[in-house]
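Notes to accompany the following structure.
The values are calculated or read from the model by the stated rules, or taken from the named source; none is laboratory data. The shown structure was predicted, so the numbers you read here are calculated from the model rather than taken from an experiment. Quick reminder, even Gly has a Cβ in these numbers, built from the backbone with ideal geometry, and neighbours come from all protein chains shown. Remember, those area values only see protein heavy atoms, side chains included, never the ligands or the DNA or RNA. Shrake-Rupley method; radii C 1.70, N 1.55, O 1.52, S 1.80 Å.
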Amino acid sequence: MSTIVSLGIVLLSGLVTASLQLPLGTLLLLYHASLGKNVPKKTKCLVSSFIAGVTIMFFLLLSASCFIISALTLSGQFSVASLIILVSILIALAIIAWFFYYRRKNTTELWLPRKVSSFIDGRAKITKDNPEAFSLGLLVVLAELLFTAPLLALSADAILCIESIFQIFCLVIFTCLSALPLVILRFSIRNGKNLADIQRWRIKNKNFFRIFSGFGFAILAAFITVFLIIGGD
């Protein structure tokens, strides 16, 4: 696998991860609950802790994926059979993202089981200190592993195929892309955007994110097929 192909996989995987909505929706809930109970400085600390939790969890999961793949595969990368399985999973996730990622037409309620969704909502509403906000960030990343696990696996496989000097760089790129929507939301709030306006914008544009996520999975599947399975790069 060439360095360019590896970097392309990491970038595509990071962008698809960034398009998923659970961390962003949870951060909005945290903002809404915190602004009514705390001074702005306290809310900023909670938000920073939440974003740190999300960022660190993505970094740790990707690092762990690299370690597991290098330990379990003889060549340090996936076989063609493994790649075919991952491509099939990506196509399935593309279909799920298109048709089942959102529960209802006029809301941003996600696919999560109701008990899990209620638990995350409840945690966001009662979070009152930095360790709780940090752990909430860890939790939402784990809750969406159904969608992100194949992306993490493919990114880890790609990272292991490049020179070690660039591996940390790719780890950081994926992590930063995954957490980028949270940082953008924070700057939007800081610059005077209203929470209600942001939520209305999310509802208005949710079809774009749904289609973007679905096509992202499909494009990544095609990319893997062309360059790694057929091309044998």
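Calculate, for the stretch 49-88, the solvent-accessible area per residue in square angstrom, rolling a 1.4 angstrom probe over the heavy atoms of the protein chains.
Working: 2040 Å² over 40 residues.
Averaged over the residues of the stretch 49-88, the accessible area is 51 Å².
Ligands, DNA and RNA left out, the accessible area of the stretch 108-201 computed with a 1.4 Å probe is 67% carbon and sulfur.
Against the criterion of solvent-accessible heavy-atom surface with a 1.4 angstrom probe, Phe100, Phe166, Phe58 sort, most first, into Phe100, Phe166, Phe58. The Cα trace of the stretch 10-97 gives Rg and Dmax of 18.1, 55 Å, the first to one decimal, the second as a whole number.
What is the stretch 173-233 by shape, rounded, prolate or oblate, if you read a ≥ b ≥ c off the alpha carbon gyration tensor as root eigenvalues and call it rounded for a/c under 1.5, prolate for a/b larger than b/c, and oblate otherwise? Numbers along the way, then the final one.
On the way: a/c = 7.02, a/b = 2.17, b/c = 3.23.
It is oblate, given that a/c is not under 1.5 and a/b is not larger than b/c.
Over the Cα atoms of the stretch 24-74, the radius of gyration divided by the Kirkwood radius equals 1.29; this is the Rg/Rh ratio.
Taking every lysine pair in the stretch 15-139 that is 8 or more places apart or spans two chains, those with Cα atoms closer than 24 Å amount to 11. When Lys125, Lys42, Lys204 are compared by accessible surface with a 1.4 Å probe, the order from highest to lowest is Lys204, Lys125, Lys42. Just Ser155, Ser34, Ser188 to compare: in a GNM of the chain, with alpha carbon springs under 10 Å, which one fluctuates most? Evaluated over the chain, the most mobile residue of the options is Ser188. Set Lys and Arg Cβ to +1 and Asp and Glu Cβ to -1, take the dipole of the chain about its Cα centre, and tell me which of Gly122, Ala94, Leu12 lies farthest positive. Result: Gly122, furthest along the dipole toward the positive end.
Compactness of the stretch 63-189, taken as the C-alpha radius of gyration over 2.2 N^0.38 Å, stands at 1.25.
To the nearest 10, the accessible area of Ile85 is 100 Å² with a 1.4 Å probe. Taking θ as phi - 60° and the Karplus parameters 6.51, -1.76 and 1.60, the scalar couplings of the stretch 8-19 work out to x, 5, 5, 5, 4, 5, x, 5, 5, 4, 5, 7 Hz in sequence order, x denoting glycine and proline. Against the chain, whose longest principal axis is taken from its Cα atoms, helix 130-143 shows a tilt of about 40°. One quarter of the surface of the convex hull around the alpha-carbon atoms of the stretch 148-194 equals 4.1 nm², the direction-averaged projected area.
Dipole size of the chain about its Cα centre, with +1 on Lys/Arg Cβ and -1 on Asp/Glu Cβ: approximately 1420 debye, rounded to the nearest 20.
With θ taken as phi - 60° and the Karplus curve 6.51 cos²θ - 1.76 cosθ + 1.60 applied, the whole-hertz 3J(HN,Hα) list for the stretch 216-223 is x, 4, 5, 5, 5, 4, 5, 4 Hz, x standing for glycine and proline.
For the chain, which semi-axes, largest first and in whole Å, follow from the square roots of 5 times the eigenvalues of its Cα gyration tensor? Values for the chain, descending: 32, 20, 15 Å. For a modelled paramagnetic label at Ala71, 7 Å from Cα along Cα-to-Cβ, the residues of the stretch 140-157 in reach, with backbone nitrogen under 17 Å, are 153, 156-157. Short-range pairs are left out: with C-alpha atoms under 8 Å and at least six residues apart, the relative contact order of the chain is 47 percent. Where only protein heavy atoms count, and the probe is 1.4 Å, what is the accessible area per residue for the stretch 90-233 in Å²? Value returned for the stretch 90-233: 53 Å² of accessible area per residue.
Taking a sphere under 14 Å around the Cβ of Leu112 and counting the other residues whose Cβ falls inside, with K and R at +1 and D and E at -1, yields a net charge of +2. Note on Leu142 and Leu60: the extension gain reaches 28.4 nm, defined as 0.36 nm multiplied by sequence separation minus the Cα-Cα distance.
When the alpha-carbon atoms of the stretch 112-187 are used, the pair Rg, Dmax equals 15.5, 45 angstrom.
Counting other Cβ atoms within 10 Å, keep those with at most 14, restrict to DSSP loop, and tell me which trypsin sites (Lys or Arg not before Pro) in the stretch 130-200 are left. Could the numbers behind the result be given before it?
Working: sites: Arg186, Arg190, Lys193, Arg200; in loops: Lys193.
Taking the stretch 130-200 and a limit of 14 other Cβ atoms within 10 Å, the loop trypsin sites (Lys or Arg not before Pro) found are Lys193.
Projecting the Cα atoms of Ile165, Ser213, Ala149 onto the charge dipole of the stretch 126-233 (Cβ charges, centred on the Cα centre) puts Ser213 farthest toward the positive pole.
The GNM of the chain, with springs linking C-alpha atoms under 10 angstrom apart, assigns the highest mean-square fluctuation among Cys66, Cys176, Cys45 to Cys45.
Once you sort the root eigenvalues of the Cα gyration tensor of the stretch 39-137 as a ≥ b ≥ c, which label holds: rounded (a/c under 1.5), prolate (a/b larger than b/c) or oblate (the other case)? It would help to have the intermediate numbers written out before the result.
Numbers: a/c = 3.38, a/b = 1.44, b/c = 2.35.
Judged from the Cα gyration tensor, the stretch 39-137 comes out oblate (a/c at least 1.5, b/c at or above a/b).
Relative to the present Cα-Cα distance, how much length would full extension add between Asp121 and Lys44 at 0.36 nm per residue of separation?
Working: separation 77, 0.36 × 77 = 27.72 nm, distance 1.90 nm.
Separation in residues times 0.36 nm, less the Cα-Cα distance, equals 25.8 nm.
Between the helical axis of 22-35 and the longest alpha-carbon principal axis of the chain there is an angle of about 20 degrees. Rounded to the nearest 0.05, the FRET efficiency derived from the C-beta distance between Asn106 and Ile184 at R0 = 30 Å is 0.80.
For the pair His32 and Ile84, the difference between a 0.36 nm per residue extended length and the Cα-Cα distance amounts to 14.4 nm.
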